[in-house]
Amino acid sequence: MSAIIAIYRREILSYFLTPLATVFVVIFLVMLSAFTFYLGNFFETGQADLQAFFLFHPWLYLLLVPALAMRLWAEERKSGTMELLLTLPVSVGQAVVGKFLAAWTLIGLALLLTFPIWVTVSWLGNPDHGVIIASYFGSWLLAGTFLAIGSAMSATTSSQVMAFIFSLSVCLVFLLAGYPIVLSVMQSAFNQPVVDAVSSMSFFTHFNSITRGILDLRDLAFFLINGTAWLIATVLIIHLKRVG
């Protein structure tokens with residue numbers, strides 16, 4: 001545990017000693033506010049809820065989380081510091097978890113800074129705060145799963161650009177798998193069990209369920225298991241790269 005904390009502190013400091021954390025948080029807040037109030041027609045709907053706010057989270061994460069994750073291992077590999085890091089009394093698994101938790105904390109901080117939007121909705125009406133809390137938690141889990149995918153993709157290459165492209169592509173596949181348009185197209189080509197199987201693997205399907213205020217253990221387990229699996233994949237990829 002002490003090794004994970006040490007890696008975590010190292011990564012958190014690296015975020016805040018450089019403009020990275022500030023740039024990420026500012027872009028996240030500006031884009032999310034613009035999407036919510038302009039594209040989401042927040043005030044025109046006449047409803048005191050955050051449905052329009054959470055609607056854009058998956059698409060914003062699709063762009064920003066791979067951009068944050070691409071440096072996790074690609075930068076270490078390109079700069080040659082990965083070898084130094086792995087010679088320390090830290091296992092690969094501990095390094096992976098420490099780096100992941102630091103980046104996930106930064107995303108959590110960005111989410112917390114959207115609190116004024118919640119306050120605004122509460123002032124305008126009487127929203128269901130239970131649904132909002134569940135949606136925030138689901139959003140953080142979704143971001144964590146995207147981040148775990150980005151971690152694995154970053155471990156495959158020394159190019160941050162390629163890591164970003166790989167991460168975005170994989171995340172897009174998992175996201176669109178449950179999108180209504182995609183499912184309607186699949187229904188014309190495949191039978192219903194196949195369509196249901198694809199839908200069950202979609203991040204969109206499970207996140208949408210949580211944003212309705214339904215904290216189903218299957219949805220929570222889906223994100224936790226997927227995130228853990230991609231972190232394990234990161235460890236395996238790093239080991240394979242070391243052997244290679």
Expressed as a percent, the portion of alpha-carbon pairs in the stretch 83-242 spaced more than 21 Å apart is 56 percent
Give the longest segment of the chain that steers clear of chymotrypsin sites (Phe, Trp or Tyr not before Pro) in DSSP loops with at most 15 neighbouring Cβ atoms within 10 Å, not counting the sites themselves.
44-189
Normalized C-alpha radius of gyration of the stretch 202-244, against 2.2 N^0.38 Å?
1.61
Taking 0.36 nm per residue of separation between F37 and N191 and subtracting their Cα-Cα distance, the length gained on full extension comes to 51.5 nm
Gaussian network model of the chain, springs between alpha carbon atoms under 10 Å - residue of T120, T228, T211 with greatest fluctuation
T120
The stretch 140-193 to the stretch 197-243: how many Å between their Cα centroids?
11 Å
Contact order normalised by length for the chain, with contacts defined as Cα pairs under 8 Å and 6 or more residues apart; what percent is it?
26 percent
Nearest 500 deg cm²/dmol is fine: what mean residue ellipticity at 222 nm does the chain get from its DSSP H runs of n ≥ 4 alone, each adding -39,500 (n - 2.57), divided by its residue count?
-25500 deg cm²/dmol
Gaussian network model of the chain, Cα springs within a sub-10 Å range: biggest mean-square fluctuation belongs to which of Q192, Q94, Q51?
Q192
Pair V119, I27: separation of 7 Å Cα→Cβ label points (nm)
2.7 nm
What residue among L84, L63, L220 shows peak mean-square fluctuation when the chain is described by a Gaussian network model with Cα springs under 10 Å?
L84
So what are the ³J(HN,Hα) numbers for the stretch 171-188, from phi and the Karplus equation (6.51, -1.76, 1.60; θ = phi - 60°), rounded to whole Hz, Gly and Pro as x?
4, 5, 4, 5, 6, 6, 4, x, 6, x, 5, 5, 5, 5, 5, 5, 5, 7
Apply the Karplus curve 6.51 cos²θ - 1.76 cosθ + 1.60, θ = phi - 60°, to the phi angles in the stretch 211-223 and return the couplings in whole Hz, x for Gly and Pro.
5, 8, x, 9, 8, 7, 4, 5, 5, 5, 5, 4, 5
Order by accessible surface, 1.4 Å probe, largest leading, for residues L175, L215 comes to L215, L175
In nm, give the distance between the simple-model label positions of H129 and I165, each being 7 Å from the Cα along the Cα-to-Cβ direction.
4.8 nm
About its Cα centre, the chain carries a charge dipole, from +1 on Lys and Arg Cβ atoms and -1 on Asp and Glu Cβ atoms, whose size in debye to the nearest 20 is 700 debye
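The values are calculated or read from the model by the stated rules, or taken from the named source; none is laboratory data. Fair warning: this is a prediction, and the values are worked out from it, not measured in the lab. Quick reminder, even Gly has a Cβ in these numbers, built from the backbone with ideal geometry, and neighbours come from all protein chains shown. To get the accessible areas, we keep the full protein, side chains included, count just its heavy atoms, and leave off ligands, DNA and RNA. Shrake-Rupley method; radii C 1.70, N 1.55, O 1.52, S 1.80 Å.
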